[in-house]
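Working notes for the structure below.
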Amino acid sequence: MTDSQVPDARAIRAGIATMEGYLLWQAEIDRARSDSEALLEPVDWLTTAQREELTDLLTRQQLDHARSTVTRLATRSLQMRRDYEDRYHHLKRRVLGSALALSTAVVSAVVLADRLLIPA
């Protein structure tokens, strides 16, 4: 395998994240299906076709709800990340500005003290 064929770390992380997302969604599908089946279990008067149809309907509804929740959370997460990055950069500028001002004051004080203590 040559260097051009080796994926970079970012591509590897993206692949792992995609795989993790797929596995989590498959688990959510299984959970929704199990919950739907458990909900309909006591309803013994349904035919097999009716039970399957209702199970599919309830599963789809649960998955639609889960998808909208995940989408809403992801959107909010990205918004919060942008907000915190903006705050971090603002704080970083303030700290660097303060450090520069303090350094300037210290250097000025040293130069002034040097001029006052050493007669010309």
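Here are a few things to note about the model shown:
- Which listed residue, of 93, 115, is assigned to a helix (DSSP H, G or I), basic (Lys, Arg), at pLDDT below 95 and surrounded by 10 or more Cβ atoms within 10 Å (Cβ to Cβ): 115
- Some residue of the range 44-51 being loosely packed, with under 14 Cβ neighbours inside 10 Å and within 19 Å of residue 69 (Cα to Cα): no
- Filtered residues of the range 61-84 (kept if farther than 29 Å from residue 27 by Cβ and open to solvent by less than 80 Å² (accessible area, probe 1.4 Å)): 83
The values are calculated or read from the model by the stated rules, or taken from the named source; none is laboratory data. From a predicted model like this one, the values you see are computed outputs, not experimental measurements. Using ideal geometry, Cβ is built from the backbone for each residue, glycine included, and neighbour counts are taken over all protein chains shown. The accessibility values were calculated without ligands, DNA or RNA, using every heavy atom of the protein model including side chains. Shrake-Rupley method; radii C 1.70, N 1.55, O 1.52, S 1.80 Å.
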